[in-house]
Structure formats: structure tokens, C-alpha cells
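Participant: I'd like to ask some things about the structure below.
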Amino acid sequence: MNVADSKIVVSIMQENGYAVTQEIRQADIILINTCSVRENAERRIWNRLAALKKTKEKKPDLLVGIIGCMAERLKEKLLEDEAGVDLVVGPDAYRDLPHLISTALTGQKAVNVMLSREEMYGDISPVYQDTQKVSAFVTIMRGCNNRCSYCVVPFVRGIERSKDPEMILADVQRLSRLGFKEVTLIGQNVDSYRWGNRGRKSSLDFARLLDAVAASVPNLRIRFSTSHPKDMSDAVLHTMATHSNICKHIHLPVQSGSTRILKLMNRGYTREWYMDRISAIRSILSECSVTTDIIAGFCTETEKDHQDTLSLMKWTGFDFAYMFKYSERPGTKAASDLEDDVPEAVKGSRLNEIITLQNSLSVKSKSKDLNRVVEVLAERRSKRSEKDLFGRTSQNKVVVFPKGIHSIGDLVKVKINAHTAATLIGEAQE
Ligand code: SAM
Ligand code: SF4
């Protein structure tokens, strides 16, 4: 989401006569787009600010801005002189940046953290810096109306709103004309996408949007993220099955395998419901990968709850997972009503067990592709070797293979000869 938002910020800045530099020492303004989901993410920004204070001593005219979720959450604290921040701009106030920068240039602190009920930045075309244009994000909704008890997102990104489907289709077609080969439709909970009044014939839900997008750009790969287990419908799965250009990968964050913990998290589903959704994926889509997010050590989590998470992971056989220790976020329901009572060492050891299990599941997932021929969209050169290309399969598995006659942006048939836990290694078939 922040990657997509940063491109909108660049667009707004360029429209107002600013240019981007890849060289931080050349910059007159540094805007740091931030995340507040875990304390760690915020700590990294504070470290970055401390380093920038030294840079500012040498270059007093340099303006430093904090934009995004941390700006929204910590406005006052960021405005204190010690922080060394000149601008504080929330995720719905980017249009105001040029004006705020003018204020900051006069030596005053500039701030706008107003949240909006409508802002979608729908009329702003994100700027793609990359020389090789292969894969792009299209934001289809902003904000979140769920109230997962651990999560700060609804407070910092405001209420859920969906983007006009006409605009989404125009974005996707523009990307196709620009030569992109893949788009990912993004939102905090894409399954609650809705345009028009619920129940009306003319209203559009995510399944219908996905169908329209896939049909309008048959030569583009389509991905989407994030799905919510409580809302993911069979209709979405059937749409995926209908269109060969929709990638067969679903990111379906489970968070915990214990129904008791899921209830405390206010996730709106049980362990059995989650398993039912996985069964639906397996029966409607033959070759779909499933990835997830897991939180270790949420409030009151017992060893039994933790074992429930491990057993659900095994049962599902996740292809990949993002795994985190629970991090209490001020202002959330969990912070006010529940005690963060799982000791740090226990959180750490449970997280390690989760990571170890996931590594073995990831290896298993990769080994299924051994000796198979898979279709790979080449995204870029491999970081390890100039001679290799790096790309992904429809299932979002990373593949590295010798470049040969192929170029970035090509769809290549690759035979898989080996793998690590994270990467498939193969050779092109033609
Ligand atoms: N909207 C998506 C969903 O509900 O699945 C995810 C959004 S959140 C930005 C990404 C992930 O961060 C979550 O799925 C969760 O695993 C993790 N997360 C959110 N709040 C957290 C917290 N307080 N501590 C640890 N992990 C957290
Ligand atoms: Fe946070 Fe839950 Fe919304 Fe995801 S669905 S952004 S975890 S509140």
C-alpha cells in the first residue's frame, strides 16, 4: 500500500515542479512514508530520523517530512523539536503537500492529518520510476471498517471506501498500454470492495470487479491482496477459475489457529470457518497457492492455542507466511481491554517454532514443482547474477533461471531442476 501511495506522492510533487532524485545527498526535501502496524516499524523510522538530524546540521535548509500512518498516529510527538521533522502529513492529505511544503519553507512546522471519507486519489496517475515496467499496483479501496482488536490500521487510514470501477478499469488499461505485464489490485480487505448500494442489481462486488478487470486486459496477469477469511466468497474463487490471466494465489491471513484467540482478535471467523474456506479453494481451484499472516503470542495465548496454530498450518500446508510477534499498539481494543501477558521469551520461542514449521512447509511447496514446467513472468535481473532472470509463477513462487534469449517482461516456460526454501531454480524451455 505504501509503495503504491509513494508513487501518488511523486505524481503530486512532479505536477508541482519537483523532481525525484535517487541520490539522497542531492535531496532538498526528504519524505519518509511510514507504517505503524508494529512497534518495530516505527522504531526504524525513529532511528532514521536520528540519522537525518545529523544530515540537517550540515544542510540546514533540508526539509524532512513524515508521511503516512505514523504521521497520523503520532502527530504531536513528531512535531516536538527534538524529532527534527518539518512536515507531518497523513495518508489522506497528500494533495496538500505542495502547500504544506511552502509553509515549511518559511520555517513553520506544517501539518495535515485530516482523514477523509472519500479520498481515493482516483484522478492521480502514479509515477513509475522503474526503467523496466513489468508489475504495478492498483489501489481499489482505502481504509478498513474491520476492528481486529490488535490492529491500528482503522485508526490511521480511516473508514473503508471503494474506488469507482470505471477508474480502476481505466488504470488497468493505461498500465497495459504502457507495457506492464501484471497488476495487483490492492486494499486492506479486497473482499469488501463494493461500488453502489448493496442489494441493488447495479452494485458491484469484488467478484464482479475482478471479472471485469480480467476480461478487459486478457494479456495482463491479475493478482489481488489482501483477502479476508470472513468475507472471501466462492464467487471470487469461481471468477479466478474462469480467467486464466488471474493468478492462482490467495493471500489469506489466518493470524491464529485457535478459535478462542480469533474471537479475542475480533476476526469474525472460527478455525472451522477458515478450514472451510481452504477446502473451497482446493475444490474450486486445482492449482492455487495459499499464503498467510500469523501473529505469535497474542494476549492470553496458551500453549494449547499455539499448538492449534501449528496444527492448522500443517493442515493447510501454507506455501509461504509472514510471521510476527504480537506487538501491542496504543489505542487499539486489545491494548485497552486485554493484558499483553505472554512473556517476550515465550512469544519468541513460539514465533521460532512457527517459522521452523513454515520453512519445512515452504520446502514441501517448492518440491511439488520439481521437474515440472512452470510459466514465469520475468520481473528483473537476479540480484545474485547478471546472467540470471528473476520472476514469479502464477502461484507467486519465486523462480531464478539463466537469461538466455529472454528479456525482462517475457512470459517464459521454465523447467524446475532444484529449489531452496525460498526459490525455485530452473532453465528456460525455449
Ligand atoms: N488487512 C489485512 C488482513 O486483515 O489480513 C492485513 C493488514 S496488516 C497491515 C498486515 C498484518 O500485520 C496482519 O495480517 C497481521 O498479521 C499483522 N499485524 C497487524 N497488527 C499487528 C500487531 N499489533 N502485532 C503484530 N502483528 C500485527
Ligand atoms: Fe487491520 Fe483487521 Fe483491517 Fe486487516 S482487516 S487492516 S488486520 S483491522
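Here, each number is a calculation from the coordinates, and none is a lab measurement. This structure is a prediction, so every number in the text was calculated from the model and none was measured. FYI the Cβ positions are ideal-geometry reconstructions off the backbone, even for glycines, and counts take in every protein chain you see.
Participant: Which three extents, in angstrom, do the Cα atoms of region 295-430 have along their principal axes, listed largest first?
Facilitator: That gives 59, 30, 22 Å along the principal axes, largest extent first.
Participant: Given Ile278, Ser365, Ile159, which one lies farthest toward the positive end of the charge dipole of the chain, if we put +1 on the Cβ of every Lys and Arg and -1 on the Cβ of every Asp and Glu?
Facilitator: Positive-most Cα among the choices belongs to Ser365.
Participant: Please give me the summed charge of the neighbours of Arg221: other residues whose Cβ is under 13 Å from its Cβ, Lys and Arg +1, Asp and Glu -1.
Facilitator: Its environment carries a net charge of 0.
Participant: Please work out the Cα center distance from region 79-151 to region 383-430, rounded to the nearest Å.
Facilitator: Each part's Cα centre sits 36 Å from the other's.
Participant: Next question. Who wins for biggest fluctuation among Thr270, Thr291, Thr55 in a Gaussian network model of the chain, springs between alpha carbons below 10 Å?
Facilitator: Checking each option, the largest mean-square fluctuation is seen for Thr55.
Participant: Sort the chain into rounded, prolate or oblate with this rule: let a ≥ b ≥ c be the square roots of the eigenvalues of the Cα gyration tensor; rounded if a/c is under 1.5, and if a/c is not under 1.5, prolate when a/b is larger than b/c, oblate otherwise.
Facilitator: Working: a/c = 1.44, a/b = 1.19, b/c = 1.21.
Rounded is the answer for the chain, as its axis ratio a/c remains below 1.5.
Participant: Between Glu427 and Lys54, how high is the FRET efficiency from 1/(1 + (r/R0)^6) when r is the Cβ-Cβ distance and R₀ = 51 Å? Nearest 0.05.
Facilitator: It comes to 0.55.
Participant: Just the C-alpha atoms of region 257-305: what Rg/Rh do they give, with Rh taken as the Kirkwood radius?
Facilitator: My calculation of the ratio gives 1.04.
Participant: Please state the relative contact order of the chain as a whole percent: Cα pairs under 8 Å, 6+ residues apart? All intermediate terms of the calculation are to be shown ahead of the outcome.
Facilitator: Numbers: 817 pairs, mean separation 44.1, N = 430.
Worked out over the chain, it gives 10 percent.
Participant: I would also like to ask the following. Can you tally the net charge around Lys397? Count Lys and Arg as +1, Asp and Glu as -1, for every other residue whose Cβ sits under 9 Å from the Cβ of Lys397. If you can, show how the numbers build up before the last one.
Facilitator: Numbers: positive: Lys366, Arg392; negative: Asp319, Asp369.
Every neighbour counted, the sum reads 0.
Participant: How large is the dipole of region 6-119 about the Cα centre if only Lys and Arg carry +1 and Asp and Glu carry -1, each at its Cβ, rounded to the nearest 20 debye?
Facilitator: 420
Participant: So how long is each side of region 221-260 along the principal axes, counting just the alpha-carbon atoms, biggest first, in Å?
Facilitator: Over region 221-260, Cα extents along the principal axes are 38, 17, 11 Å.
Participant: Checking the table Lys77/Lys333; Lys248/Lys387; Lys201/Lys333; Lys54/Lys77; Lys75/Lys230 against a 30 Å threshold on Cα-Cα, which pairs fail?
Facilitator: Lys201/Lys333; Lys75/Lys230
Participant: P(r) for region 131-289, please, calculated from all Cα pair distances in 10 Å bins and given in %.
Facilitator: Per 10 Å bin, starting at 0, the Cα pair percentages come out as 10, 37, 36, 15, 2.
Participant: Report the Stokes-Einstein translational diffusion coefficient (µm² s⁻¹, integer) for region 93-139, Rh taken as the Kirkwood radius over Cα pairs, at 4 °C with viscosity 1.567 mPa s.
Facilitator: On the way: Rh = 13.4 Å.
For these conditions, the coefficient is 96 µm²/s.
Participant: Can you list, largest first and rounded to whole Å, the semi-axes you get for region 285-345 by taking the square root of 5 times each eigenvalue of its Cα gyration tensor?
Facilitator: The three semi-axes for region 285-345 are 27, 14, 9 Å.
Participant: I'd like the FRET efficiency for Asp164 and Thr302, computed as 1/(1 + (r/R0)^6) with the beta carbon distance as r and R0 of 51 Å, rounded to 0.05.
Facilitator: Efficiency at R0 = 51 Å is approximately 0.65.
Participant: Counting only other residues whose beta carbon sits under 15 Å from that of Leu62, what net charge do I get with K and R as +1, D and E as -1?
Facilitator: Local charge sum for Leu62: +3.
Participant: Let me ask something else about it. Hey, what number do you get for the chain at 222 nm if only DSSP H runs of n ≥ 4 count, each worth -39500 (n - 2.57), divided across all residues, to the nearest 500?
Facilitator: The helix contribution divided over the chain gives -11000 deg cm²/dmol.
Participant: Over what distance in Å are the Cα centres of region 235-269 and region 29-50 separated?
Facilitator: 29
Participant: Using the 4.7 Å Cβ rule, please list in number order the cysteines from the chain without any candidate partner.
Facilitator: So, Cys35, Cys69, Cys144, Cys247, Cys288, Cys299.
Participant: Could you check the simple spin-label distance between Arg381 and Ala4, using points 7 Å along Cα→Cβ, in nm with one decimal?
Facilitator: The answer from the label model is 3.0 nm.
Participant: How far apart, in nm, are the 7 Å Cα→Cβ label points at Ser286 and His99?
Facilitator: 5.7
Participant: Say the cut-off is 22 Å between C-alpha atoms; which of Lys7/Lys181; Lys7/Lys397; Lys58/Lys109 go over it?
Facilitator: Beyond 22 Å: Lys7/Lys397.
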